[in-house]
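Below you'll find the structure, written out as structure tokens, and then a few comments.
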Amino acid sequence: MTKVVTLAHYYTTPEIQEMADKVGDSLELSLFARDAEADLIVFAGVRFMAETAKILNPQAKVVLPDMGSTCSLVTMTDISRLKKWREEHSDYVHVAYINSSAEHKALADWIVTSRNVDDIIAHLYEQGKKVIYSPDRNMGAFLNFQYGYDMPLWDAVCEVHDKFNKVALDEAFSLVSGDKYLIAHPESPLPVLHESDYIGSTSQMLNWVRDYNGNSSAVIFVATEDGILYNMKKARPDLDIRQAPIYTGCKCNSCPYMKLNTIEAVKAAQEGRGGTEIDYLSEELMKEAKKPIDRMLEFSERYYRK
Ligand code: 13P
Ligand code: SF4
């Protein structure tokens, strides 16, 4: 019998999350994939997540339900340009966000997720290191602003979070007379992050909502992809939780790549009759990409257990 483990990111639809053994943020899903005793891992997320799962658990067959599930942070990054940028900063530590291809990771010294990026970069600065950050320009700009760093930044964005903007937010805020809060993912632009009461990874934002004990009639705006609104509303049906608006007719904001994980595509992958196996990464590439991921996982396990 093939042991199948299905992982889903919070940005997939409620139906897909219900089909999964584990739903989580990028860090949690990486750890779960690494430790999964599975013959087949179906990754209902995007390609860089499935590639990370394969790198961490090469014995398992890892299948992505739809190969179109990329990420703009990956597609906006030209690897030969990145290589040159890395060479131009040879005396820097290269910290790369997990939303990157395996080739990109192999050019990094550390991988981070939105959950541990602050702590890892602080740790490097404490050691007197100089840091370059790729590929998310918004996240890097926020870290530079928040902590007074001067990291040179790569110039890519998440096409979903980059759509949140202060003008649309201010309009929405002006329609709420009572208390209001904004919680945001750090892939959002700096003017939006400046307005935020809390900034964190998808799981951290979910925990913030879960633990909220303020005025129960307050409106909580969430500047991230709409999938996680399902988890937030399920955790706290008593609260008025709304996605932060953008300028479209529906004012809604979905990741088109995450939403390629349809019920049929995930089911076909689970039953071994669909999806694409992540079998194109060479051993050498996986070995190089694994080093900075392992560094992050080791740091996270040690640091957060303290
Ligand atoms: P998290 O690591 O916070 O789950 O974020 C993943 C992601 O793709 C955000 O757009
Ligand atoms: Fe990439 Fe943005 Fe989609 Fe996350 S939400 S997978 S960063 S495009």
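Listed by position, the helices (runs of 4 or more DSSP H) enclosed by the stretch 78-134 that each have at least 1 residues that are farther than 18 Å from VAL157 by Cα, β-branched (Val, Ile, Thr) and in contact (Cβ under 8 Å) with a residue 12 or more places away in the chain are 117-126. Taking the stated definitions as given, is VAL93 at pLDDT 95 or above, more than 13 Å from ligand 1 (Cβ to nearest atom) and touching a Phe, Trp or Tyr at 6+ places or on another chain (Cβ under 8 Å)? Yes, satisfied. Within the group LEU281, LEU260, LEU285, LEU239, which residue is within 16 Å of ligand 1 (Cβ to nearest atom) and either surrounded by fewer than 21 Cβ atoms within 10 Å (Cβ to Cβ) or closer than 24 Å to GLU28 by Cα (or both)? Exactly one of LEU281, LEU260, LEU285, LEU239 is within 16 Å of ligand 1 (Cβ to nearest atom) and either surrounded by fewer than 21 Cβ atoms within 10 Å (Cβ to Cβ) or closer than 24 Å to GLU28 by Cα (or both), namely LEU260.
Of the residues making up the stretch 34-64, those that are away from ligand 2 (no atom under 13 Å from the Cβ), touching a strand residue (DSSP E or B) at 6+ places or on another chain (Cβ under 6 Å) and assigned to a loop (DSSP other than H, G, I, E, B) are ALA36, ALA38, ALA60. Residues of the stretch 151-170 that are part of a loop (DSSP other than H, G, I, E, B) and over 18 Å from ASP109 (Cα atoms): ASP155, VAL157, CYS158, GLU159, VAL160, PHE164, ASN165. Scanning the stretch 135-150 for residues that are more than 16 Å from ligand 2 (Cβ to nearest atom) and part of a helix (DSSP H, G or I) yields LEU143, ASN144, PHE145, GLN146, TYR147.
Among the residues of the stretch 144-155, the ones that are free of Cβ contacts under 8 Å to residues at least 60 places away in the same chain, farther than 14 Å from VAL192 by Cα and not acidic (Asp, Glu) come to 6 in all.
The values are calculated or read from the model by the stated rules, or taken from the named source; none is laboratory data. The structure displayed is predicted, hence computed values, not measured ones. Note: ideal-geometry Cβ built from the backbone for every residue, glycine included; neighbour counts use all protein chains shown.
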